[in-house]
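Here is the structure we will look at.
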Amino acid sequence: MSDKTEKKSVSEKLNGFLEKNRVCLFAVLGVAVAAVIVYAVCVSVNAKSTEKALSAIDEITYVLTKDSDGIEDSEAASRRATAKDAVAPYLSKGGVTGVRANMLAAEIAFQDKDYAAALDYWTAAGAKGKKAYTAPLAYYNVAVCNEQLGKLEDAAANYKKAADSDFVLKSHALFSLGRVYEAMNDSAKAAEAYNTLISASPEDTWAKLAKSRVMDMKLKGNIQ
């Protein structure tokens with residue numbers, strides 16, 4: 001058989017196969033195209049859904065804080081209660097929606113002095129946005145809530161977590177870490193936190209306060 005004849009035979013067989021199975025192949029192609037379309041639609045729908053949810057949270061925040069300076073305590077409490085109910089449907093959401101919703105709920109709870117609830121909300125905000133720029137802020141506020149609840153070991157762990165992150169309040173977190181260790185009567189770890197702050201940002205206001213704390217501990221004989 002010549003090469004030309006062989007090529008023709010292969011071509012005829014392929015054409016025959018395609019003709020015989022064109023419904024199946026077209027169906028597979030159709031499924032693939034449909035899958036791409038569905039994915040694109042889902043991405044679009046999710047984006048619109050997120051945008052709508054964030055707009056709702058912004059509106060809740062606006063109503064809560066609008067002209068809030070000087071209002072009566074009863075009015076402030078009423079606004080917080082309304083905002084708390086309004087944001088509740090968004091707390092279980094993932095991504096940026098869940099982060100923003102839990103941050104707002106945490107702030108409301110903290111203002112109500114419900115530190116246990118604020119702790120839960122800040123913890124959720126941190127978990128839902130581990131890679132977000134808000135994560136260190138969540139860790140810091142988790143520490144604050146733990147401190148309010150007398151959970152000093154947990155407070156120290158989260159101040160350290162915030163300080164070890166790319167956090168705009170890193171100096172404050174380090175100072176707070178040292179302060180909590182002092183409250184735990186662990187002068188060595190307190191001095192370590194303060195000295196880390198002093199070395200990193202010697203001219204920072206918190207570093208200057210840290211220097212005074214180190215000096216005080218030395219005078220008291222708590223550290224060498």
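The values are calculated or read from the model by the stated rules, or taken from the named source; none is laboratory data. Everything numeric in this text was worked out from a predicted model, so none of it was measured. Here Cβ is always computed from backbone atoms with ideal geometry, including for glycine, and neighbour counts include all displayed protein chains. Surface areas here come from the heavy atoms of the whole protein model, side chains and all, with no ligands, DNA or RNA. Shrake-Rupley method; radii C 1.70, N 1.55, O 1.52, S 1.80 Å.
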Looking only at region 110-137, count how many residues are closer than 18 Å to Arg79 by Cα and either without any contact (Cβ under 8 Å) to a residue 24 or more places away in the chain or not in a helix (DSSP H, G or I) (or both). 4
Out of (1) within 20 Å of the chain's Cα centre (by Cα); (2) open to solvent by 70 Å² or more (accessible area, probe 1.4 Å), the one Phe167 does not meet is (2)
Would it be correct to say that Asp186 is without any contact (Cβ under 8 Å) to a residue 24 or more places away in the chain and surrounded by fewer than 21 Cβ atoms within 10 Å (Cβ to Cβ)? yes
Residue within region 150-164 that is more than 20 Å from Leu104 (Cα to Cα), small (Gly, Ala, Ser) and surrounded by fewer than 20 Cβ atoms within 10 Å (Cβ to Cβ) present: yes
Can you run down the residue pairs with Cβ atoms below 6 Å, 6 or more apart or on separate chains, where the first is in region 198-222 and within 18 Å of Phe167 (Cβ to Cβ) and the partner is of a type in the set (Val, Ile, Thr) and surrounded by 11 or more Cβ atoms within 10 Å (Cβ to Cβ)? Ala207/Ile198; Ala210/Ile198
Restricted to region 65-90, and to residues that are of a type in the set (Asp, Glu) and in a helix (DSSP H, G or I), which residue is modelled with the lowest pLDDT? Asp73
Inter-residue pairs, beta-carbon under 8 Å, first farther than 20 Å from Ala76 by Cβ and in region 45-65, second open to solvent by 40 Å² or more (accessible area, probe 1.4 Å) and not in a helix (DSSP H, G or I), 6+ apart: Ala53/Lys93
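Just checking, how many residues over region 201-220 are open to solvent by 70 Å² or more (accessible area, probe 1.4 Å) and either part of a helix (DSSP H, G or I) or touching a helix residue (DSSP H, G or I) at 6+ places or on another chain (Cβ under 8 Å) (or both)?
Total satisfying the criteria: 8.
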What do you reckon, is Ser78 under 27 Å from the mean Cα position of the chain (by Cα) and polar (S, T, N, Q)? no
Could you tell me which numbered condition Val96 fails, if it satisfies all but one of (1) part of a helix (DSSP H, G or I); (2) open to solvent by 40 Å² or more (accessible area, probe 1.4 Å); (3) at pLDDT 95 or above? (3)
With Tyr133, Tyr115, Tyr139 as the choices, which residue is open to solvent by 20 Å² or more (accessible area, probe 1.4 Å), closer than 30 Å to Ile57 by Cα, hydroxyl-bearing (Ser, Thr, Tyr) and modelled with pLDDT under 95? Tyr133
Can you find a residue that is out of contact with any Leu (no Cβ under 8 Å at 6 or more places or on another chain), surrounded by 19 or more Cβ atoms within 10 Å (Cβ to Cβ) and over 23 Å from Gln148 (Cα atoms) anywhere in region 65-85? no
